[in-house]
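The values are calculated or read from the model by the stated rules, or taken from the named source; none is laboratory data. Just so you know, these numbers come straight off a predicted model, no measurement behind them. Here the Cβ positions follow ideal geometry from the backbone for every residue, glycine too, while neighbour counts run over all protein chains shown.
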Amino acid sequence: MLSRKNKLLLLKLLSLFSIVRGYNILMIALAQYLATIYILAPNLPLRRVVFDLNLFCIVLSSALVIAGGYIINSFYDAEKDLINKPRKSMLDRLVSQRFKLSAYFTLNFLSVFFASYVSFRAVFFFSAYIFGIWLYSHKLKKVPFLGNFISATLAIAPFFAVFVYFKNFDTVIFVHAFFLFLLILAREMIKDLENIAGDLAQNYKTIPILYGERTSKISITVLIVMTLIPSLLLINNFDVGYMHYYFILCIVLFIVFLVLLWKSRTKFHYVWLHNILKLIIVLGVFSILLIDVDLVLNRIL
């Protein structure tokens, strides 16, 4: 049996993991490596990619900055989350605001430290990334649409870092990036519908609060329809192997999503819609393996 002190310590560790959303960070790191192996550097030997110390430092720096971003976001949204996410918020409050700030600065310092191993440009990139996340959390989040746009841009920034490192400018990469950006932007706007109560209480100027839920739904619909463009391009115009089945599935899920969107009225409904988009993103990470199912085996042999 765990003592009371050990139970409290375990709860604090769970709280910290909840705040930094460790599962999201692990998924992003996996996506960076899979994107590198299958899309950004498909001709490099697998061993060279996996044991590339510069790439490891970029992925690690990305993870540290993202973790710091979640912490500073939690710091500024503490009161709002009490309304929108009461259960998660109670767990998160086991970690003091002072500890959150200390962890935030420590993680950012470590991210820049590891980036310095790669190059001065990497240091500049991650320093700008840190500043961008802070500015978004402190100010831009409350600006309608711009806040959503910046959030989606920050979400794909870790992939941009890897993209620049390998200097691969193939058109297919930009189409993949456009697909992911639109998907994340739609998810951010669904979160605004999901969090109306807390946003109203904290005087956030989101699209559903300023212009109504109908306008927000129209904006999300436009984004989802636009997402069909890169999906169809990747199916018909580029060689993505068996991954084209993923994009076919996406088109089906997008149609289901839009039908449910216009029938949705409550937070429960919007949470489900949010989860559908999260599922599409997670499936997208693992479907990268379908681009060439023999690629890893051939590289090993």
Mind listing whichever residues of the stretch 125-138 are touching a helix residue (DSSP H, G or I) at 6+ places or on another chain (Cβ under 9 Å) and farther than 19 Å from residue 164 by Cα? 133, 134, 135, 136, 137, 138
Can you give me the ranges of the helices (runs of 4 or more DSSP H) entirely in the stretch 10-76 with at least 2 residues that are hydroxyl-bearing (Ser, Thr, Tyr) and in contact (Cβ under 8 Å) with a residue 60 or more places away in the chain? 53-76
Going through (1) over 18 Å from residue 283 (Cβ atoms); (2) within 22 Å of the chain's Cα centre (by Cα); (3) at pLDDT 95 or above; (4) of a type in the set (A, V, I, L, M, F, W, C) one by one, residue 207 fails only at (3)
Picking from 285, 296, 240, which residue would you name as being at pLDDT below 90, among the β-branched types (Val, Ile, Thr) and under 18 Å from residue 178 (Cα atoms)? 240
Any pair with Cβ under 8 angstrom, 6 or more apart, that starts in the stretch 277-289 at a residue that is closer than 18 Å to residue 194 by Cα and ends at one that is at pLDDT 95 or above and of a type in the set (Gly, Ala, Ser): 277/186
In the stretch 252-277, the residues that are loosely packed, with under 13 Cβ neighbours inside 10 Å, not β-branched (Val, Ile, Thr) and either not in a helix (DSSP H, G or I) or not assigned by TED's automatic domain parsing to the domain that holds residue 190 (or both): 265
First in the stretch 141-157 and touching a residue at least 40 places away in the same chain (Cβ under 8 Å), second anywhere and surrounded by fewer than 16 Cβ atoms within 10 Å (Cβ to Cβ), Cβ under 6 Å, 6 or more apart: 142/205; 144/205; 144/210
For the stretch 158-172, indicate whether the set of residues that are closer than 22 Å to residue 274 by Cβ and not assigned by TED's automatic domain parsing to the domain that holds residue 259 is non-empty. yes
With the condition kept exactly as written, say whether any residue in the stretch 195-207 is out of contact with any Cys (no Cβ under 8 Å at 6 or more places or on another chain), surrounded by fewer than 17 Cβ atoms within 10 Å (Cβ to Cβ) and farther than 27 Å from residue 139 by Cβ. no
Residue 249, sole failed condition from (1) surrounded by fewer than 17 Cβ atoms within 10 Å (Cβ to Cβ); (2) touching a residue at least 40 places away in the same chain (Cβ under 8 Å); (3) of a type outside the set (Ser, Thr, Tyr): (2)
Condition first: surrounded by fewer than 17 Cβ atoms within 10 Å (Cβ to Cβ), modelled with pLDDT under 90 and either within 19 Å of residue 118 (Cβ to Cβ) or touching a Leu at 6+ places or on another chain (Cβ under 8 Å) (or both). Can you find one or more residues in the stretch 19-41 that meet it? no
